[in-house]
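Q: Quick one: structure below, then a few questions.
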Amino acid sequence: MSKNTLKLYIPRLLNGITTKVVKNTFNRLQLGDVYYIDMHRKINENRNVYYFAFIEINLYDTDAADNLANLINNNKVVKLIYDEEAALYWEVKNHIPKDVRNVKSSALVTPVTHEKFVSIVKSQQLPMYVSDENAGPENDDPIDYDKDDVFDYDTYIRDNVYNMWDNKYNFRPLI
């Protein structure tokens with residue numbers, strides 16, 4: 001990709017926006033010549049149609065184009081106003097191909113069983129406590145990991161209707 005070329009991503013284009021409108025907007029705003037557009041149709045939770053687009057643009061030699069390139073290359077989100085009267089804009093972002101993006105941290109999390117977790121905590125001697133709402137750090141009792149369950153169902157809920165907004169149950173939070 002040359003210095004005068006940008007690969008952009010627009011996450012939301014309203015239903016009435018066509019490739020011609022996108023090309024004309026970048027040209028009208030003296031940003032550049034759009035030579036590639038890949039638009040994908042989606043339907044939101046309210047059943048309204050919208051599009052997202054991947055765009056490649058040859059930038060013009062203008063201050064507006066230089067400003068856009070500077071913001072995009074610094075991974076900023078640019079609000080590009082395409083209709084001032086209606087106050088409509090597109091959020092324009094740098095397009096980073098899938099194979100180059102960072103792996104999400106959730107993909108690095110490995111699920112473990114409770115027994116494995118307890119053995120790891122015990123082996124690292126991590127401070128894990130159960131506290132009453134009135135207890136301070138000096139009154140905390142360490143968790144007994146050998147118990148079957150920290151929460152005793154029979155004592156707290158058995159014949160009662162549980163309301164999560166009602167504060168009458170004394171659940172002891174883990175700290």
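Rule-based calculations on the coordinates, nothing more; no lab input. All values reported here derive from a predicted model rather than from experimental measurement. Cβ coordinates were reconstructed from backbone atoms using ideal geometry, including for glycine residues, and neighbour counts include every protein chain displayed.
Q: What is the extension gain from residue 12 to residue 67, computed as 0.36 nm multiplied by their sequence separation minus the C-alpha to C-alpha distance, in nm to one decimal?
A: Numbers: separation 55, 0.36 × 55 = 19.80 nm, distance 2.18 nm.
Fully extending the segment from residue 12 to residue 67 adds 17.6 nm.
Q: Still on this structure, I have one more. What's the extension gain from residue 54 to residue 96 if we count 0.36 nm per residue and subtract their Cα-Cα distance?
A: Values: separation 42, 0.36 × 42 = 15.12 nm, distance 1.01 nm.
Once the chain is fully extended between residue 54 and residue 96, it gains 14.1 nm.
Q: Taking H placed 1.01 Å from N in the peptide plane, check which residues at least 5 places from residue 95 or on another chain put their amide H under 5 Å from its amide H.
A: HN-HN under 5 Å from residue 95: 7, 8, 9.
Q: When the label point is put 7 Å from the Cα of residue 41 along its Cα-to-beta-carbon vector, which residues of the stretch 7-26 have a backbone N closer than 18 Å?
A: 12-22
Q: Considering only Cα-Cα distances, which of the following residue pairs are longer than 22 Å: 42/98; 42/76; 20/93?
A: Working: 42/98 19 Å; 42/76 24 Å; 20/93 20 Å.
Check vs 22 Å cut-off fails for 42/76.
Q: Apply the Karplus curve 6.51 cos²θ - 1.76 cosθ + 1.60, θ = phi - 60°, to the phi angles in the stretch 86-98 and return the couplings in whole Hz, x for Gly and Pro.
A: 8, 6, 9, 9, 10, 8, 10, 10, 5, 8, 10, x, 3
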